[in-house]
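The values are calculated or read from the model by the stated rules, or taken from the named source; none is laboratory data. Here the structure is a predicted model, which means the values were calculated and not measured. Note that we place each Cβ from the backbone using ideal geometry, even for glycine, and neighbour counts take in every protein chain shown. When the accessible area is computed, the model is the full protein with side chains, heavy atoms only, and any ligands, DNA or RNA have been set aside. Shrake-Rupley method; radii C 1.70, N 1.55, O 1.52, S 1.80 Å.
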Amino acid sequence: MKKKQKLDGSVDDDKHKHVVDSPPHEEEEEEEDEEVVEKHRYRSMAKVAIGYSINPTVENSTITEMVHIVCPTFTLDTSKLQNAILELYQEGKEKIKNFLKDAQGKLTLSCDWMVLGDWKWTSEVDFKMSKCILAYHPHSPEDMKVKDVYVDSLKNVVTDYEIESKVSTLLVPNNLDLGFDGFSKWIEERGPNVFLIYCCSDILRLMVDDMYKDIRMSWLMDRVRILLGWESDGRLYPTHWTYTLDKLQKAVDMEAKDVFEEEKYDYYDHPSDEEWVRIRTFCKLTGCIYKVAKELFDGEYPTANVYFHLLVELRLMLNQEVKNGDGEYFLGKAKEILERFDKYWDEMFLVLVTASVLDPRFKLKYLDFYCLKNSDDGSKGEAVVAYLRSLYSRYGASEIRPLPERLPAPRCFMYMFEDELEEEEEKKPDGYGDFAFFQEYLKFEGCCSREFHESELDSYFKEPVLEWSKDFDALDWWRNESSQYPILSRVARDILSVPISRGTSTRAYVADKRECPEFIVALEGKLLNAMMCGESWPATLIWPSRYFET
């Protein structure tokens, strides 16, 4: 057998294998690699937990099952998973802050709550309505009685995200007085005026509840359920009022056809004649509300311009029911809900009509037609035009054209001043740009000169209205026309993107206190806030890379 000679002259057999220990730094590198891989794994699992609302505090969860398919030997550490979620939240929060800071346009903050009294703040920016939760705070029912709890929390959100100068409107519930006037005064000291917008889906729900309470507070609903074989969900009344309407309308139709007079219903307790009047009243008046609500909420998130003409239809239908209605009970209920609606109508008229006028399918035509048919609101039409002109003047006077490198990330506004910027680049530097008083004079002179020349607003009104199309996108139209209307398009963007309702689709028909996701009760505040916010934040902004990290 061949021998190997060592450096010291000794020999060794080939059959003997010598194990050489790895240098210490190589072991450290291997440990670091393992830590990196583990971190990536937990980040990926954190994104899954956030995206699919999986409780990260439970060891035997869907995440565990998914990971074991890929790596059967992996053991989930829930504390590391929770830390990964909090880290993702902090990273995402910084990106959201920068996005809101750089974005063109104003923001609308809206408050929403579920059965625990949790509140959400959302934002709408640019020519596309973007929604995201900025904070999520669970409060106990006892806390809900204290106004300052919500106002202080709202202030914290505004200062935390540094959006004091961005907030222009606050979307609030209809039936609660939580001291939002104090918040408006507080933020006006730091930035623009803040308008309170009352939720449209709230007012419709409250009108329905005005009629339904007479049915709900008796055993009438239980008797109707039994007659129809209507399975109860164990609560006093179903979550969606449209579900209640459907079932009661079915009972009314069967009663009109004398179906309940058949022998098989002899053993059931039937509603009395007076109770049938209540049910028919509910169905008829709620049916009017549903006709309009369906057009508002059963599609995508509606922009502010679609509310006015649809709520006009509801107001006319309710007035017609009061005019032609029969019976003391029916007329009393019709007048009651019309009175509630008219209060909302008066408070929201200016906002709703202004948005309608900025819809190129209507402009002033629909407002003029409405005022012609409703002489009592004729003066309001003049007030709307005056308000829009003052708004346009204010935007024109405050217009500041940024330098190219300071243009915000969203691309929709970049082309507005593209030609002008190219012209400015060819000119020599203008020292007058540093003279503050002279620049104020130019703004003043510009505002005055607009009085003698046709403004963008006048030009917009002179153009013929667009042909009616139900699927028309008003924000998209203004984005395309922003080169022709650089100032008015900014006004339209900020007005049309104001959400008039906190709820859309099926959420618009639910009771104000909605059910919480299953995992909410078990989570502590910071982790819950991180998951609820992260779930709402756009993945393209927060996680631009692949959804799962490897």
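Net length available on complete extension from Asn319 to Asp476 is 53.0 nm, with 0.36 nm assigned per residue and the Cα-Cα distance removed.
In this simple spin-label approximation, Asp326 and Glu262 carry label points 7 Å from Cα along the Cα→Cβ vector, and these lie 2.8 nm apart.
Full extension of the chain between Glu274 and Asp209 gives 21.5 nm of extra length, using 0.36 nm per residue less the Cα-Cα distance.
Label sites at Ser536 and Asn156, each approximated as a point 7 angstrom past Cα along Cα to Cβ, lie 1.6 nm apart. Of the chymotrypsin sites (Phe, Trp or Tyr not before Pro) found in region 308-344, none is in coil by DSSP with at most 13 other Cβ atoms within 10 Å of its Cβ. With a Förster radius of 25 Å applied to the C-beta separation of Thr62 and Val521, the computed FRET efficiency comes to 0.85.
Site pair Ile69 and Ser393 shows an inter-label distance of 6.5 nm when each label is modelled 7 Å from Cα along Cα→Cβ.
A 1.4 Å probe run over region 276-325, with the rest of the protein chains in place, finds 41 Å² accessible per residue.
Could you work out how much longer the chain between His240 and Tyr301 gets when fully extended? Use 0.36 nm per residue separation minus the Cα distance between them, nm to one decimal. The His240-Tyr301 span can extend by a further 20.1 nm.
If you average over every viewing direction, what projected area does the convex hull of the Cα atoms of region 243-383 give, in nm²? Its average projected convex-hull area is 10.7 nm². Here the accessible area is traced with a 1.4 Å probe on the protein chains. For region 242-367, carbon and sulfur cover 47 percent of it.
Under the criterion of Cα pairs below 8 Å and six or more residues apart, the relative contact order for region 291-353 equals 35 percent.
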